[in-house]
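Worksheet: one structure, shown below.
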Amino acid sequence: LRILEMACQLASLCIGQRDFAEKLAYRAQHDSLTGLPNRPPFEDWLGLAVACAKRHGRPFSVMCLDLDGFQLLNDVLGTNAGDKALQQVGSRIRGCLRETDIVARWSGDEFRIGLLELKDRDDAMLVAGRLLEKLKTPLEVDGRLVSAQATIGVSLYPDDAQDSVALLQNADCAMFRAKKTNRGGS
């Protein structure tokens with residue numbers, strides 16, 4: 001009987017340790033606020049996307065999305081309200097994508113998006129337009145309506161770059177150019 005009790009306790013400890021390890025692994029790969037993937041899984045996805053695109057000759061897109069005026073929201077309503085807004089933005093973005101696509105919270109108010117199986121740049125621009133349109137609808141945060149407009153930069157493989165680092169850099173540069181010329185655009 002004593003041995004059976006000890007075996008049960010040991011099994012319970014092992015299960016608890018496995019669950020803890022799984023939670024740590026999840027947290028290492030996902031943003032704690034939005035539940036979206038973070039940088040490492042996005043970078044892994046991007047590496048695989050480049051390899052598949054080279055093999056099959058299919059274009060894909062990388063987008064950088066940055067919220068316009070987000071710092072003002074944090075300053076006026078507080079970081080708790082900003083966190084709630086980021087959660088809703090992440091959910092809206094995910095809702096505009098297909099299962100084969102990915103969105104990751106990159107940092108602060110920036111998200112990275114990857115779109116597979118595109119015909120051309122027009123496909124990517126259609127998705128960017130849908131995302132911008134979806135974010136024009138105000139968010140409800142603590143009983144207040146809050147604007148969540150964004151600016152998006154788009155980079156297309158193989159037209160703009162043929163490796164993951166350059167694709168991200170080009171999408172980032174496109175986003176900053178768009179911010180300078182027309183906030184809330186792509």
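Structure values in brief
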quantity: Residue pairs meeting the criteria (Cβ under 6 Å; at least 6 apart or on separate chains; first in contact (Cβ under 8 Å) with a residue 40 or more places away in the chain, in segment 30-55; second crowded, with 19+ Cβ neighbours inside 10 Å and of a type in the set (Phe, Trp, Tyr)); calculated: Ala49/Phe60; Ala53/Phe60; Ala53/Tyr157
quantity: Some residue of segment 42-52 being under 17 Å from Ser164 (Cβ atoms), aromatic (Phe, Trp, Tyr) and crowded, with 17+ Cβ neighbours inside 10 Å; calculated: yes
quantity: Neighbours by Cβ (under 6 Å, 6+ apart or cross-chain): first from segment 136-161, over 17 Å from Val89 (Cβ atoms); second in a strand (DSSP E or B) and aromatic (Phe, Trp, Tyr); calculated: Tyr157/Phe60
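Residues are listed down the side, and each one gets a yes or a no for (1) open to solvent by 40 Å² or more (accessible area, probe 1.4 Å); (2) of a type in the set (A, V, I, L, M):
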site: Gly90; (1), (2): no, no
site: Ile93; (1), (2): no, yes
site: Thr100; (1), (2): yes, no
site: Leu139; (1), (2): no, yes
site: Arg144; (1), (2): yes, no
site: Ala150; (1), (2): no, yes
site: Ala161; (1), (2): no, yes
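The values are calculated or read from the model by the stated rules, or taken from the named source; none is laboratory data. Computed from a predicted model, the values in this text were never measured in an experiment. Cβ sites come from the backbone with ideal geometry, for glycine too, and all protein chains shown count toward neighbours. All accessible areas refer to the heavy atoms of the entire protein, side chains included, with ligands and DNA or RNA removed. Shrake-Rupley method; radii C 1.70, N 1.55, O 1.52, S 1.80 Å.
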